[in-house]
Every structure is written in C-alpha cells, then in structure tokens.
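Colleague: Below you'll find the structure I mean.
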Amino acid sequence: MFGKKREKNIGVPRGKGMTTAKIVLAFVVLAVLVGNSYYSIQEEEQAVVCTFGSPKAVTTPGLHFKIPFIQTVTKVNTTIQGFNIGYRDEGDTYNEEPDDDTDEDALMITSDYNFIYVDFYAEYRVTDPVKALYASENPALILKNIAQNCIRTTIGSYSVDSVLTTGKNEIQSNIKQMILDKLETYDIGIQLVNITIQDATPPTAEVENAFKEVETAKQGKETALNNANKYRNEQIPNAEAESDKILQDAEAKKQERINEANGQAARFNSMYQEYAKYPEVTKKRMFYEAIEDVLPDVKVVIEGEGGKTTTMLPLDSFVSEESSSVTEPVETQNAQADENRKEEE
C-alpha cells in the first residue's frame, strides 16, 4: 500500500472548466437575445407588435427593435390579394377547404327566374393589420361570404339578358358598393379593391348559343351606329361649309340687288326731276333712248332750213368732226321747249 504511487491529476482544473462553460453559455444567451431583439419590415408588409397582450401596428418599413421574449411580432401582407367566387384555383388566399362541387357558388337565379352561372374575382388588401389579426379569425373568408351574399342579391334583381350582355358594368359597380358598405359595418381591417365578372354563361348550350347570337347582333348594331356616326361627323362639316358658302353668295347677291335697286331708284328720281322741269323733252329723250337700245345701229339726222342738220340718234355720239353744225339733241330740244313756253305765255 505504501509502495503505490499516487497518480497525478492531469485534467483541467474544476474551477477553470466551469468558467469556460459559463462564457459559452453567456455567448449563446447573448446571441439569442440579440437575434430576438430586432426585426425588419418590407415595403409590402406591416407588423403587429404585441406586448403583454396589447397589440400595436408598426407600418414604417426598415429595421426595428423589440424586447426579446416579451414582445412578439407578427407580419401582415398589405399587397393586393384576391380570390375567386364560382371556381377555385391554387391562388385563392382564404383558407377554406377545397370543394369538389364549385358550380354551386356560381349557379344563381335572375329576376326573370332564369338560372345562370356567374364567376367573379375579388381583390382586397389589408388596411388595419391589428384588426385583420385580432378582429376575426379569417377576414378573407368573411369577405368571401359577404361577397357571395351581395352577388346573389344583386344578380337576383337583374334579368338574365342584362347579366349576360349589357348590364355587367352596372352589376359590378352595385356589388362593389354593397360589399364596401358591409365591410365598413363589420370593420375587420380589410378593404375591397375591386370585384369583376370573369364569366357569365347560361346553364344549357342552346341558351348560351342564343345569347351569343344576341350579343353578336348587338355588337353589329353598335358597329353600324359607330359607322353612321363617323359618316355623319365627316359629312356635317362639308355640309356646313357648303351652307356657309351658299349664305355668303346669297348675301353678296342680296347686296348687289340692293345696290342696283338703289341706283335705279336714284336714276328714276333724277329722271323724274328732269321730267318735272321739261316733260316733253324728257319723254322724247326716253323715247330716243329706247329706240337706241332696240335699234343700236340706227342713225337719225334731221335736215333743217338753211342746210343745217341736227343729229337725233345716236344720243351719246357726234357726227363726223367735219360737220361744224352738229349739236346735241338735248340742247336743241331744250331750246325748242323754251320757245314753246314763251309762246304760251
């Protein structure tokens, strides 16, 4: 027993090993705390920070800090999302279990008691992330149920012809307004962006073909009306220009006639003044002018006593310059009128 040697302890000292473990544990805890003390928000999302059960929305994108293990962060997508009504695909955002019979949602009855299949697509976005998370369990599903109710109510007030052809825009507008009113009442933190009719078909092929023919005829009518309006718009300016030209020509001719009438009236008044002075001379003058107009080439020369000659016609011209005894007929007749007046006195 005394001959055995005590083995030396070559391990790490107990106090030093515990210190290393504590340092490692501290680093781990520190890393966890640091990793849970911040979060980031993208442009297309918002966050809800819950502190001891009290939620608060954080809407500013970027890096944010939180108290680890005390504050929890839930991110909410605020981009425009959508779902289908009447048919399903993989892009539907509400968490409803898929149903093999999707025709039931699309089958509706119109105001004239006809059945019709109508498919819709609704778009929405989150406006209040706190209410979207805590006001209801599934706000998208609530919106879908509201939309189905509003769709059936609206479709039931329109005829099948309006749903298939001319009334789609009005129907979509009425449904959207009705859904917005109900969402405002429920206040679940989401807002409807738009709802559109994807497809509307009758329940049978024969009826569908008949409505397609009606739609084709209406489109032909619209095309004919558009062509007629185009032709009218092309012809109206030409007609207006022609009308303006005719009016301008008529106005010019009217002014010409007025001026001519005024000239004739002035000429008549002047002639009347001469007639009042010398009635006989004026009558003869008018007679000679009429003869000159009727017989423009006639020449009347009166030979008097003593070899003197007097030219009566033409009135506005003279005889040859060689004859020195030529006088104007008006002057001769004026002298004759003076002599007659003296004799009468």
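The values are calculated or read from the model by the stated rules, or taken from the named source; none is laboratory data. Keep in mind that this is a model prediction, so the values were computed, not measured. Don't worry about glycine lacking a Cβ; one is built from the backbone with ideal geometry, like all the others, and counts go over all protein chains shown.
Colleague: List pairs: first residue in region 106-133 and within 20 Å of residue 179 (Cα to Cα) and part of a loop (DSSP other than H, G, I, E, B), second residue small (Gly, Ala, Ser) and modelled with pLDDT under 90 anywhere in the structure, Cβ distance under 7 angstrom, at least six positions apart or on different chains.
Modeller: Going by the 7 Å Cβ cut-off, the qualifying pairs are 110/159.
Colleague: Now a separate question. If we keep just the residues of region 80-126 that are modelled with pLDDT of 90 or more and farther than 16 Å from residue 200 by Cα, which is surrounded by the fewest Cβ atoms within 10 Å (Cβ to Cβ)?
Modeller: So, considering only residues that are modelled with pLDDT of 90 or more and farther than 16 Å from residue 200 by Cα, the one surrounded by the fewest Cβ atoms within 10 Å (Cβ to Cβ) is 80.
Colleague: Continuing with this model, one more query. Could you please let me know if residue 182 is crowded, with 19+ Cβ neighbours inside 10 Å and within 21 Å of residue 105 (Cβ to Cβ)?
Modeller: no
Colleague: Follow-up question, since we're still on this one. crowded, with 17+ Cβ neighbours inside 10 Å, outside any strand (DSSP E or B), touching a Ser or Thr at 6+ places or on another chain (Cβ under 8 Å) and modelled with pLDDT of 80 or more: does that describe residue 140?
Modeller: On the way: crowded, with 17+ Cβ neighbours inside 10 Å: yes; outside any strand (DSSP E or B): yes; touching a Ser or Thr at 6+ places or on another chain (Cβ under 8 Å): yes; modelled with pLDDT of 80 or more: yes.
Judged against the criteria, residue 140 is a match.
Colleague: Then there's this: Among the numbered conditions (1) more than 20 Å from residue 132 (Cα to Cα); (2) modelled with pLDDT of 80 or more, tell me where residue 62 comes up short.
Modeller: (2)
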